[in-house]
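Notes for the one structure printed next.
The values are calculated or read from the model by the stated rules, or taken from the named source; none is laboratory data. As the structure is a computational prediction, the values presented were derived from the model and not from experiment. Virtual Cβ from ideal backbone geometry, glycine too; neighbours counted across all protein chains shown.
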Amino acid sequence: MPKIWTEIADPNRHTDFMSDWSIGGRRAAPPSDNLRRRNVLLIEVCQFTFQFHSLEQLNEAIDFFSKTVHPSSRISGVELEHYWQPWSQRLPKGMTSRSRRVRVLAALRKAASGVSVKCIPLTLAL
């Protein structure tokens, strides 16, 4: 059973792996003022925790796990180092296998149906 929750984005604890191709990802951006807080959606499924900083990232993951066959990971015309990879190529081994892919996709869709637009990316602190 997947565990789905949100936390207030903390640059020391949360990293945005989907916006950046570097190995360490990018630290969560601190809020621009004290009244606005960024939330991070966390989904734990198949002994792995996904972090989403926006609804676009969640939809991108749903699109990725909806496909059973993925195209080549080679990107033509890009001369990046071998350790610069998109988030989908840095998933744990076997995460895209049939049984896990189905469970991850179900958890992502469940989270997408329960997440309001106000939950991510910004909410007001009370």
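Flag: LEU35 does not match the condition of being farther than 15 Å from ILE4 by Cβ and modelled with pLDDT under 70.
Among the residues of segment 38-48, are any crowded, with 17+ Cβ neighbours inside 10 Å, assigned to a strand (DSSP E or B), among the charged types (D, E, K, R) and modelled with pLDDT under 85? Yes, because at least one residue in segment 38-48 is crowded, with 17+ Cβ neighbours inside 10 Å, assigned to a strand (DSSP E or B), among the charged types (D, E, K, R) and modelled with pLDDT under 85. Candidates in segment 96-108 are the residues that are of a type in the set (A, V, I, L, M) and in contact with a helix residue (DSSP H, G or I) (Cβ under 7 Å, 6 or more places away or on another chain); of these, the one that is nearest to GLU56 (Cα to Cα) is LEU108. Among the residues of segment 1-24, is any touching a Ser or Thr at 6+ places or on another chain (Cβ under 6 Å), surrounded by 14 or more Cβ atoms within 10 Å (Cβ to Cβ), under 24 Å from ARG109 (Cα atoms) and touching a residue at least 24 places away in the same chain (Cβ under 8 Å)? No, there is no match, as no residue in segment 1-24 is touching a Ser or Thr at 6+ places or on another chain (Cβ under 6 Å), surrounded by 14 or more Cβ atoms within 10 Å (Cβ to Cβ), under 24 Å from ARG109 (Cα atoms) and touching a residue at least 24 places away in the same chain (Cβ under 8 Å). Which of the residues belonging to segment 28-52 are farther than 26 Å from ARG98 by Cα and not hydroxyl-bearing (Ser, Thr, Tyr)? Those that are farther than 26 Å from ARG98 by Cα and not hydroxyl-bearing (Ser, Thr, Tyr): ALA28, ALA29, PRO30, PRO31, ASP33, ASN34, LEU35, ARG36, ARG37, ARG38, ASN39, VAL40. Across segment 33-61, the number of residues qualifying as over 23 Å from ASN12 (Cβ atoms) and small (Gly, Ala, Ser) comes to 1.
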